[in-house]
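A.B. asks: Attaching a single structure in structure tokens format; questions to follow.
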């Protein structure tokens, strides 16, 4: 893996470790107050970052986009801000709710940016037919 693919996969690993540690803590303590934060870490963090990593790995044309690093940093900053502020919001700090909203919007914008990068990368490439190729099906009558 190279470039943003590698960065996203490293970020995914960090999210997975943090999410699993939080899950273990909740299980051992019996306090599941942070379940929504755990779910966001595992899905928005681990899963989405891993999917982005493999997408950029499989589609080098997308990885070469000048917007790919912007996508990585917007996702990283918004995602980390989201799960950290959500953790403290659920711990009883209600004043962080606007911050959770701002980071959520940032994460949504990162997903829109990913769509902007990914959709053109997955479109089929149109090629010109060779003058020596036929478009008839094999065995078709001429």
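Read-outs: derived from the displayed coordinates by stated rules, not from any lab. Here the structure is a predicted model, which means the values were calculated and not measured.
A.B. asks: Taking all pairs of different Cα atoms in the chain, averaging 1/r and flipping that mean, what Kirkwood radius in angstroms comes out?
C.D. replies: 17.3 Å
A.B. asks: Below 8 Å, C-alpha to C-alpha, sequence gap of six or more: please give me the relative contact order for region 3-122 in percent.
C.D. replies: 29 percent
A.B. asks: Another question, if that's okay. Cut-off 10 angstrom, C-alpha nodes, Gaussian network model of the chain. Which of 14, 28, 80 fluctuates the most?
C.D. replies: With Cα springs under 10 Å in the chain, the top fluctuation among 14, 28, 80 is at 28.
A.B. asks: Still on this structure, please answer the following. Can you tell me the 0 to 90 degree angle between the C-alpha axis of helix 3-29 and the longest principal axis of the chain, rounded to 10?
C.D. replies: 40 degrees
A.B. asks: For helix 48-58, what angle does its Cα long axis make with the longest principal axis of the chain, in degrees from 0 to 90 and rounded to 10?
C.D. replies: Helix 48-58 sits at roughly 20 degrees to that axis.
A.B. asks: Quick one: helix 97-122 against the long Cα principal axis of the chain, what's the angle to the nearest 10°, folded into 0 to 90?
C.D. replies: With rounding to tens, the tilt is 10 degrees.
A.B. asks: Separate question: Which of 71, 32, 40 ends up with the largest GNM mean-square fluctuation for the chain, with Cα atoms connected below 10 Å?
C.D. replies: Result for the chain, Cα springs under 10 Å: 32 fluctuates most.
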